[in-house]
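Here is the structure we will look at, set down as structure tokens.
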Amino acid sequence: MLVESISQALGISDFRDSLDFVYRRGFSAWEIAGLAKTVEWAATAGDAVAGSILTTAAEDLAALAISVLQRLFPQEPSPLVSFAGSLLVSCAAIRMRFTEAILQTVPNAEVIPPRYPPYIGAFLLACSTLGWAPGPDVPKKLKSE
């Protein structure tokens, strides 16, 4: 099922052409990540390989987050964890397994969606770097515009 779904998403008739399609034609990382929805669909439909891919991706991302938590906030009793990136934002199955994996190791963690889109985070980081504290309504105004 996964092979057929990926072939259809790429618009190719033979899955063996996928390597050429991805590597020689300059398939972007964004386009690769876009295939997550196809993998998620196949996993939901019962494809075991697709399910395994999603589980592994989520657990790998969670391991990175846990490592950061343990190194930067070792004494924090209830750390707040957010996420970014197209896989975690758009793929419910990955996001759910990511959250479960974090809570298995850090049971008091709170995993929340991002408050703002990435461009607002970049703006706030730039403000912080410049020593400027924007008012509390600035991110909300930027988000609505």
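The values are calculated or read from the model by the stated rules, or taken from the named source; none is laboratory data. In this text, all values refer to a predicted model and were calculated from it rather than measured experimentally. We place every Cβ from the backbone using ideal geometry, glycine too, and count neighbours over all the protein chains shown. Note: accessible area is taken over every heavy atom of the protein model, side chains too, but ligands, DNA and RNA are not part of it. Shrake-Rupley method; radii C 1.70, N 1.55, O 1.52, S 1.80 Å.
Numbers below:
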| item | result |
| --- | --- |
| Interchain or long-range residues, amide H under 5 Å from Val111's placed H | Val81 |
| Solvent-accessible surface ranking, highest first, for Asp47, Asp14, Asp60 at 1.4 angstrom | Asp60, Asp14, Asp47 |
| Computed [θ] at 222 nm, helices only, for the chain once each DSSP H run of length n ≥ 4 contributes -39500 (n - 2.57) | -18500 deg cm²/dmol |
| Around Ile53: net Lys/Arg minus Asp/Glu count, Cβ-Cβ under 10 Å | -2 |
| Candidate residues Ile32, Ile6: accessible-area rank, largest first, probe 1.4 Å | Ile32, Ile6 |
| Centre separation in Å (Cα based) which lies between the stretch 40-64 and the stretch 73-145 | 22 |
| Gaussian network model of the chain, springs between alpha carbon atoms under 10 Å - residue of Phe15, Phe123, Phe73 with greatest fluctuation | Phe123 |
| Three semi-axes of the equivalent ellipsoid, the stretch 32-73, Cα gyration tensor, whole Å, largest first | 27, 10, 6 |
| Rg and Dmax [Cα atoms of the chain; Å; Rg one decimal, Dmax integer] | 18.8, 55 |
| Between helix 92-105 and the chain: long-axis angle, C-alpha atoms, 0 to 90°, nearest 10 | 60 |
